[in-house]
Amino acid sequence: MSPQALDGLKVVEMGQLIAGPFAGKTLGDFGAEVIKIEAPGSGDPLRNWRLLKDGTSVWWQVQSRNKRSIALDLREAEGQAIAKKLIARADVLVENFRPGTLEGWGMSYEELSRDNPGLIMLRISGYGQSGPYRDLPGFGAIGEAMGGLRHLTGEPGRVPVRCGVSIGDTLAALHGTIGVLTALYHRKVNGGRGQVIDVALHEAVFNVMESLVPEYSAFGAVREPAGSALPGIAPSNAYRCGDGAVVLVAGNGDSIFKRLMSAIGRDDLGSDPTLADNAGRVKRVAEIDAAIEAWTLQRPSGEVLALLGEARVPAGRVYTAKDIVEDPHYRARDMILTQATRDGYEVEVPGIVPKLLGTPGRVRSPAPRLGDDTDAVLGELGFSVQDIAALRSRKVVA
């Protein structure tokens, strides 16, 4: 098979749960060798999160594909020494422990980079490696709150809701992956050394908050939740259909708005000069939304989407998991993959994003069982069969 974009890249993953491991998964999907260090006995807690099949989370099957698992006790000096040997041969170290944890194990960047000056170390934490909140515990949900996202989710006057997935963790992972690739480019092209990438959960969320702060700075405006609408952009909202389904319609471009109004039989609004631009439409957004929903309520969602598609108006139905796996477009773009597991069953999982047409990502190996690769990895480090047996008897490895 043709080489992948990150073939030859060696990654050690010491993180657990979501943020660090999602970054490791992304690198692994594009060819990096990812060695995941887990605690003997328990392993990554994600193995036991949400719905389990044959004793293991099905989430684990996608989050840990293309990885090798070594069960290693990092609390023991011998375990720390083995980890240092692994890291000395790595290009990238991914970790998402609380700041100071690695330093307590004798694995600060200064110490690790003495043996490996090219090492790129991705550190994901709640509040970053510096600042007054550095030592506070932080999860993705807290990052979403502090980053400004949670305040905007939900209906006005009600308690904010979460979006349903751990978006704060994933945003941090993606920012971390960007940092890793940027640092690799600098090291290779500019002759630079390795470096630390410091990603804070709340900062990753804050980075996608668009005009939130500039509007406050310039006008003292505090953006508030607006339900399914997009404040200041009209029309862009969710509308009920006659069959009970909900469709999203984004008719906020000037020419799109005219086509939308024509499609729903409201050319009077489409030709109104006061609605020719977004500023005018925002002033009358309630009237416009009412006109759109009066039309959608008279039709089933399939007809609504067909008519808006013909009019070249962006629109879509709100999908459930069932809708996604049955959608032919997802299938056509390989976004639903059937993945074998090491437990002997197959499961459908999300495909690989982004699509690299020259060096596409792929699933090379299923998610490992805990310690599946301990012996092989230690053997590659020069440990004999007898050495490994002795380490296992002392419960340093499993």
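Coordinate-derived values only; no laboratory data. Since the structure is predicted, the reported quantities are computational estimates derived from the model, not experimental observations. Backbone-built Cβ (ideal geometry, glycine too); neighbour counts: all protein chains shown.
Applying the criteria of a DSSP loop state and at most 15 other Cβ atoms within 10 Å to the trypsin sites (Lys or Arg not before Pro) of the range 180-224 yields Arg193. So in the chain, what percent of DSSP beta bridges are antiparallel if you round to the nearest 5? About 45 percent, rounded to the nearest 5. The packing ranking, built from the mean of other Cβ atoms within 10 Å per residue, places the peptides 31-37, 134-140 in the order 31-37, 134-140, highest first. Relative to one another, the C-alpha centroids of the range 61-110 and the range 340-398 are positioned 15 Å apart.
Tally Lys and Arg at +1 and Asp and Glu at -1 over the other residues with C-beta under 15 Å from the C-beta of Val199: what net charge comes out?
Numbers: positive: Arg98, Arg123, Arg134; negative: Glu13, Glu95, Glu144, Asp169, Asp198, Glu203.
Its environment carries a net charge of -3.
Beta-bridge orientation, the range 12-137: approximately 15 percent antiparallel, per DSSP, counting only bridges with both partners inside.
Here's how it looks for Leu337: its modeled amide H is under 5 Å from those of Val349, Gly351, which are all 5 or more places away or on a different chain. Summing charges over neighbours of Leu269, with a neighbour being any other residue whose Cβ is under 15 Å away from its Cβ, gives -2 when K and R count +1 and D and E count -1. Highest GNM mean-square fluctuation among Val353, Val58, Val199, for the chain modelled with Cα contacts below 10 Å: Val353. With no solvent and one equal point scatterer per Cα, compute the Debye intensity ratio I(q)/I(0) for the chain at 0.08, 0.12 Å⁻¹ and report its log10, rounded to two decimals. After summing over all Cα pairs, the log10 values are -0.55, -1.05.
With N as its number of residues, the range 116-199 has a Cα radius of gyration that, divided by 2.2 N^0.38 Å, comes to 1.37.
Using the rule -39500 (n - 2.57) for each DSSP H run of four or more residues, divided by the residues of the chain, the 222 nm mean residue ellipticity is -10500 deg cm²/dmol. What does the C-alpha gyration tensor say about the overall shape of the range 15-82? Classify as rounded when a/c is under 1.5, otherwise prolate if a/b is larger than b/c, or oblate. Here the range 15-82 falls in the oblate category. How are the Cα pair distances of the range 1-53 distributed, in percent, across 5 Å bins from 0? With a bin width of 5 Å, the distribution comes to 5, 19, 24, 20, 16, 9, 7, 1.
Among the listed pairs Lys25/Lys355; Lys25/Lys322; Lys258/Lys283; Lys36/Lys85, which are separated by more than 20 Å between their Cα atoms? Beyond 20 Å between Cα atoms: Lys25/Lys322.
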